[in-house]
Amino acid sequence: MDDLNNRVAVITGGGSGLGRELALRCADAGMRLALADVDEAGLSETVSLLPEGTDVVTRLVDVSKADAVEALATATYERFGAAHLVFNNAGVAVSGPTWTSTTDDWNWVLGVNLMGVVHGIRSFVPRMLEGGDPGRIINTASLAGLTSVPGSSVYCVSKHSVVTLSECLHHELTAMQSKLGVSVICPAFFKTGIADSERNRPAHLADANPLGEEYAQFVKAAIEAGRLSAGDISRFVMDAIGEKRFYILPHGGAIKQTEVRMRDILEQRDPTNPMAPPA
Ligand SMILES: NC(=O)c1ccc[n+]([C@@H]2O[C@H](COP(=O)([O-])OP(=O)(O)OC[C@H]3O[C@@H](n4cnc5c(N)ncnc54)[C@H](O)[C@@H]3O)[C@@H](O)[C@H]2O)c1
């Protein structure tokens, strides 16, 4: 899809961080927008930043709920009659040792980060295939979906799942010579609200890892120190989409870390800690 003008972008997590910046880039390209989030104020702020005249619909959606994502798809098609770029981007993070992570940690993070993407695919891909237009599903994973970070197993499992889910979807759509493509975004740390994910944690999943704080502080510092901004990442992503690229790794260092992990596997040696200072 070369010309995005007047096409339709759907963005989950559109109320903050990367989702907001993607909304701005898509609007700059003349796209019509369906923005979803659990944060109503965040969505309103995003809308207030869009260029005047942007055709946008917002919806409060908890992506961990299949029926809520299905309602988003229904609303998008009622309003615009199509979807061309679907960004399954909403995400949350928890920290702490694997053995003290709680079932609430697992249910919350996998519910949003993994099932949110699954629901997006299940609700949008059939409609997009039926519509027949070219389009793309862009799933936000993470460098944590390509490496294994101590103190982040719950998050890493969710993001590794998004990478393999995206790869499977790519193979399926390619085999049927579909006009739909897939991309998976795998950034390292960049500054957004992700370190403050607990703000979106539902009360019924409130039991957090009792040893999470020390790791959370480390993640917070790494995010604050992020070299690229969410704006930078969004521009990199839009360029990569233009090139129909599947793997999108905006940070150069992420490529090196991924290579080290791949080598560990191929040479059947112990895994290298990606957080350890270089020897
Ligand atoms: N910031 C980083 O360092 C980093 C690195 C790699 C990947 N990512 C990924 O980027 C994506 C965007 O996160 P961000 O960094 O912009 O953080 P962010 O917290 O600024 O934005 C995430 C958005 O998702 C929304 N959200 C949370 N739970 C939701 C739910 N159940 N349903 C719908 N929306 C929900 C939040 O309200 C928020 O607006 C996430 O998938 C995250 O895992 C972030």
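The values are calculated or read from the model by the stated rules, or taken from the named source; none is laboratory data. These figures come from a predicted structure and were not determined experimentally. Positions of Cβ are backbone-derived with ideal geometry, glycine not excepted, and every protein chain shown enters the neighbour counts. Ligands, DNA and RNA are excluded from the accessible area calculation, which covers all protein heavy atoms including side chains. Shrake-Rupley method; radii C 1.70, N 1.55, O 1.52, S 1.80 Å.
Using a 1.4 Å probe on the protein heavy atoms only, what accessible surface does residue 255 show? Give it in Å² to the nearest 10.
Rounded to the nearest 10, that gives 90 Å².
Around residue 180, which amide H atoms from residues at least 5 apart in sequence, or from another chain, sit under 5 Å from its own amide H, with H modelled in the peptide plane?
When sequence neighbours closer than 5 places are left aside, the close amide H contacts are 135.
Do you know the relative contact order of the range 8-266, to the nearest whole percent, from alpha carbon pairs under 8 angstrom that are 6+ apart?
21
Can you work out ³J(HN,Hα) from phi for every residue in the range 170-182, in order, using Karplus 6.51 cos²θ - 1.76 cosθ + 1.60 and θ = phi - 60°, giving whole Hz and x for Gly and Pro?
4, 4, 5, 5, 5, 4, 9, 6, 6, 7, 9, x, 9
Given 117, 137, 262, which one lies farthest toward the positive end of the charge dipole of the chain, if we put +1 on the Cβ of every Lys and Arg and -1 on the Cβ of every Asp and Glu?
In the chain, that residue is 262.
Whole-Hz Karplus ³J(HN,Hα) for the range 116-131, in order, using 6.51 cos²θ - 1.76 cosθ + 1.60 and θ = phi - 60°, x for Gly and Pro?
Values per residue, Gly and Pro as x: x, 6, 4, 4, x, 5, 5, 8, 9, 4, x, 5, 5, 5, 5, x Hz.
Taking H as built 1.01 Å from N, whose amide H comes closer than 5 Å to the amide H of residue 191, not counting residues under 5 places away?
226, 230
Could you work out the relative contact order of the range 88-222? I mean the mean sequence separation of Cα pairs under 8 Å and 6+ apart, divided by the number of residues, in percent.
Once normalised by length, the contact order is 39 percent.
Run the helix sum for the chain: -39,500 (n - 2.57) per DSSP H stretch of 4+ residues, divided by residue count, reported at 222 nm to the nearest 500 deg cm²/dmol.
Dividing the helical sum by the residues of the chain leaves -14500 deg cm²/dmol.
Go ahead and set up a Gaussian network model of the chain, Cα springs under 10 Å, then flag whichever of 261, 269, 127 fluctuates most.
269
Between 0 and 90 degrees, rounded to the nearest ten: what's the tilt of helix 212-224 against the longest Cα principal axis of the chain?
Computed tilt is about 60 degrees.
GNM, the chain, Cα, under 10 Å: largest mean-square fluctuation among 120, 253, 231?
253
³J(HN,Hα) across the range 77-94 via Karplus (A = 6.51, B = -1.76, C = 1.60, θ = phi - 60°), whole Hz, x for Gly/Pro?
6, 5, 7, 10, x, 6, 9, 10, 10, 10, 9, 8, 10, 4, x, 9, 9, 10
Tell me, what is the percent relative contact order of the range 150-279, built from C-alpha pairs under 8 Å that lie six or more residues apart?
30
What's the carbon and sulfur percent of the range 8-266's accessible surface, probe 1.4 angstrom, rounded to a whole number?
Percent of accessible area from carbon and sulfur atoms in the range 8-266: 55.
Please give me, ordered by residue number, the GluC sites (Glu not before Pro) of the range 18-52 that lie in loop per DSSP and have at most 10 other Cβ atoms within 10 Å.
52
Whose amide H sits under 5 Å from the amide H of residue 58, counting only residues 5 or more places off or on another chain, with H placed in the peptide plane?
35
Probe of 1.4 angstrom, ligands and nucleic acids ignored: what's the accessible area per residue over the chain, in square angstrom?
Ligands and nucleic acids excluded, the figure is 47 Å² per residue.
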